[in-house]
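S.K.: Mind looking over this structure? Questions follow.
The values are calculated or read from the model by the stated rules, or taken from the named source; none is laboratory data. As the structure is a computational prediction, the values presented were derived from the model and not from experiment. Neighbour counts are summed over all protein chains in view; Cβ atoms, including those assigned to glycine, are modelled from backbone coordinates with ideal geometry. Quick note on the areas: whole protein, heavy atoms, side chains included, nothing else; ligands and nucleic acids left out. Shrake-Rupley method; radii C 1.70, N 1.55, O 1.52, S 1.80 Å.
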Amino acid sequence: MDYQIVLLPGDGIGPEIVAEAVKVLEAVGKKFGHHFHFETLLMGGCSIDAYGVPLTDEVLEKAKAADAVLLGAVGGKVGNSDWYNRPPKERPEAGLLAIRKGMGLFTNIRPAYLYPELKDRCPLRSDIIGDGFDLVIMRELTGGLYFGERHTEVVDGVRQATDTLVYNENEIRRIAIKAFDIAMKRRKKVSSVDKANVLDSSRLWRAVVEEVAKDYPEVELEHVLVDNAAMQLVKNPGQFDVILTENMFGDILSDEASEVTGSIGMLSSASLGAGKNGLYEPSHGSAPDIAGLSIANPIATILSAAMLLRYSLDLDKEADAVEEAVRKVLHDGYRTPDIYSEGCIKLSTTQMGDRICEAI
Ligand code: IPM
Ligand code: MG
């Protein structure tokens with residue numbers, strides 16, 4: 001089959017890690033007889049440099065028309081670049097928010113899994129990790145604080161800033177349904193994370209999640225307050241199967257969960273809407289401090305490409321092959337510097353991509 005894939009390498013380490021994921025997709029194409037047609041476009045800081053805006057209408061239209069979009073990372077050092085001397089809507093991150101909104105990608109899936117090979121990289125004590133953990137964070141992606149009205153003003157001579165957190169029941173229901181659907185294919189447990197002891201939006205969240213749960217009698221539902229959830233993730237991550245949460249809580253908890261897997265360089269993500277098209281990106285950022293050094297870990301992006309094969313193209317066998325190849329390479333002791341431990345073989349970004357291609 002032929003597939004159209006838009007590549008948005010972005011900034012910092014983005015181009016390096018996307019290049020490795022493309023190599024892997026090409027290896028998959030060769031092995032399984034698919035043709036992936038790649039079109040590389042600009043988004044983020046590089047788009048500001050070229051066009052003065054972080055996302056052009058043309059790029060958004062091409063992304064919408066593609067079978068899937070693979071993204072590296074956007075942004076640079078905050079406060080240390082021309083990109084940040086502009087209004088918030090014109091900064092690199094605004095491009096990412098605009099493409100998520102523009103493509104209608106309300107579901108963000110972020111799996112966090114502890115590879116047995118990386119147990120010694122996990123910052124938690126081995127008695128806490130036990131047999132490891134395998135959880136997925138289902139983060140609402142196009143609502144909440146990220147998209148509410150915001151402004152900064154001066155009131156009676158005092159500077160004041162406002163951000164608004166708005167959710168309607170439809171926005172909550174559609175992400176909750178996705179979370180319960182995923183739970184049905186896993187260990188059938190949903191932990192819905194909110195701050196219902198304080199926020200109205202969380203009380204509505206809880207009520208709607210309860211309603212959705214009635215259609216999934218086999219799934220165990222628990223409600224966890226976000227502060228407690230942050231603590232439980234380092235106290236006993238193995239208790240979680242599917243974590244369902246709103247945009248900002250999901251942003252924070254997914255970074256925490258990724259670090260517990262040993263490195264944020266391992267965590268993939270998929271952003272989906274109502275249709276098949278999706279945006280796939282590592283959960284980590286653009287890491288400008290290590291850009292160009294070929295030491296970035298491309299595995300999160302390669303695993304995101306596996307999610308692309310699975311969710312947007314329905315190529316399950318091919319996705320399995322990529323995930324299996326990553327496992328084999330880790331098992332054989334190959335590591336990028338972020339996941340290196342003594343006795344292993346240290347690889348650069350491109351060498352890691354090559355090893356994974358060979359294993360496919
Ligand atoms: C993420 C990132 C983004 C977010 C930033 C870059 C806007 O942190 O994908 O988790 O907060 O969603
Ligand atoms: Mg984040």
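S.K.: Once amide H atoms are built 1.01 Å from N in the peptide plane, which residues 5 or more positions from S286, or in another chain, come under 5 Å H to H?
M.R.: Long-range HN contacts for S286: V74.
S.K.: So what is the 222 nm mean residue ellipticity for the chain from helices alone, if each DSSP H run of at least 4 adds -39500 (n - 2.57) and you divide by all residues, rounding to the nearest 500 deg cm²/dmol?
M.R.: That calculation yields -12000 deg cm²/dmol at 222 nm.
S.K.: Any idea what the dipole of the chain comes to, in debye rounded to 20, about its Cα centre with Lys/Arg Cβ at +1 and Asp/Glu Cβ at -1? Could you put the intermediate results ahead of the total?
M.R.: Values: 39 positive and 55 negative charges, 62 e Å.
The dipole of the chain has a size of about 300 debye.
S.K.: Between Y334 and residues 5 or more places away or on another chain, which pairs have amide H atoms under 5 Å apart, with H built 1.01 Å from N, and which residues are they?
M.R.: I345
S.K.: Identify all lysines with a Cα-Cα distance to K276 below 18 Å; exclude those on the same chain that are fewer than 8 residues away in sequence.
M.R.: Leaving aside lysines fewer than 8 places away in the same chain, those within reach of K276 are K62, K64, K101, K178, K317.
S.K.: Modelling each spin label as a point 7 Å along the Cα-to-Cβ direction, I'd like the K317/I128 distance in nm, to one decimal.
M.R.: Reported label-point gap for K317 and I128 is 4.3 nm.
S.K.: Now a separate question. On full extension of the chain, what length is gained from E169 through K31, given 0.36 nm per residue of separation minus the C-alpha to C-alpha distance?
M.R.: Gain in length upon complete extension: 45.2 nm.
S.K.: Over the alpha carbons of region 201-255, what is the largest minus smallest coordinate on each principal axis, giving the biggest first in Å?
M.R.: Between the extreme Cα coordinates on each principal axis of region 201-255 lie 31, 25, 15 Å.
S.K.: At a 1.4 Å probe, what is the % contribution of carbon and sulfur to the accessible area of region 86-207?
M.R.: Roughly 51 percent, rounded to a whole number.
S.K.: Residue by residue through region 124-133, what is 3J(HN,Hα) from phi via Karplus (6.51 cos²θ - 1.76 cosθ + 1.60, θ = phi - 60°)? Round to whole Hz and write x for glycine and proline.
M.R.: 8, 5, 5, 6, 7, 5, x, 8, x, 8
S.K.: If you don't mind, there's one more thing I want to ask. Give the accessible surface of the chain per residue, rounded to a whole number of Å², with probe radius 1.4 Å and ligands, DNA and RNA excluded.
M.R.: 43 Å²
S.K.: Follow-up. Among the trypsin sites (Lys or Arg not before Pro) in region 262-360, which ones are in a DSSP loop with at most 12 other Cβ atoms within 10 Å of the Cβ? Mind listing them?
M.R.: Values: sites: K276, R310, K317, R327, K328, R335, K346, R355; in loops: K276.
Answer in residue order: K276.
S.K.: Taking amide H atoms as placed 1.01 Å from N in the peptide plane, list the residues 5 or more away in sequence, or in a different chain, whose amide H sits under 5 Å from that of I295.
M.R.: Placed amide hydrogens put T349 under 5 Å from I295.
S.K.: Counting only GluC sites (Glu not before Pro) that are in a DSSP loop and have at most 10 other C-beta atoms within 10 Å, tell me the longest site-free stretch of the chain.
M.R.: 1-148
S.K.: Multiply the residue separation of V155 and M248 by 0.36 nm, subtract the distance between their alpha-carbon atoms, and state the gained length in nm to one decimal.
M.R.: Values: separation 93, 0.36 × 93 = 33.48 nm, distance 2.71 nm.
Full-extension gain reported as 30.8 nm.
S.K.: Still on this structure, I have one more. Give a residue-ordered list of calculated ³J(HN,Hα) values for region 250-259 (Karplus: 6.51 cos²θ - 1.76 cosθ + 1.60, θ = phi - 60°; whole Hz; x for Gly, Pro).
M.R.: x, 4, 6, 5, 6, 5, 4, 4, 5, 5
S.K.: Step through the residues of region 263-280 one at a time and calculate ³J(HN,Hα) from phi using the Karplus curve (6.51 cos²θ - 1.76 cosθ + 1.60, θ = phi - 60°), rounding each to whole Hz and writing x for Gly and Pro.
M.R.: Result, ordered by residue: 6, 5, x, 9, 9, 8, 7, 10, 10, 10, x, 7, x, 8, 4, x, 10, 10 Hz.
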